[in-house]
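Below is one structure, written out as structure tokens; comments come after it.
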Amino acid sequence: MIAEAGLAALWLAAALAALQLVLGAMGVYSGRSDLLGAVRPIAVVQAGLTGFAFLLLIWLFITVDLSVALVAANNASTKPLLY
């Protein structure tokens, strides 16, 4: 469930990136500053979602959730938490 939440956060961040591209292009070509003003808050939310997904991935490594292929392929219980 945690992995799916991280994946959903990444998909939402990707959708926001597409929205950011469209709003930025529309703002530049039409000269509307309100569209350009919406680009920065979208970027902040996008960064937050990406960071949230990364924290969830770290949690999956800490709890050794072997149902996730990346964790299963790179798991070594003898390694310190730093690695």
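A few remarks follow.
- Pair list, Cβ under 8 Å, 6 or more apart: segment 32-54 residue farther than 10 Å from residue 12 by Cβ, other residue surrounded by 14 or more Cβ atoms within 10 Å (Cβ to Cβ) and polar (S, T, N, Q): 39/20; 42/20; 43/20
- Scanning segment 55-76 for residues that are surrounded by 13 or more Cβ atoms within 10 Å (Cβ to Cβ), in contact (Cβ under 8 Å) with a residue 12 or more places away in the chain and in a helix (DSSP H, G or I) yields 56, 57, 59, 60, 61.
- Across segment 1-48, the number of residues qualifying as small (Gly, Ala, Ser) and more than 30 Å from residue 60 (Cα to Cα) comes to 8.
- Filtered residues of segment 1-19 (kept if farther than 15 Å from residue 43 by Cβ and without any contact (Cβ under 8 Å) to a residue 12 or more places away in the chain): 1, 4, 8, 11
- Residue in segment 18-33 that is loosely packed, with under 11 Cβ neighbours inside 10 Å and of a type in the set (Lys, Arg) present: no
Readers should treat all values here as calculations from the given coordinates under stated rules, not as data from a laboratory. Computed from a predicted model, the values in this text were never measured in an experiment. Backbone-built Cβ (ideal geometry, glycine too); neighbour counts: all protein chains shown.
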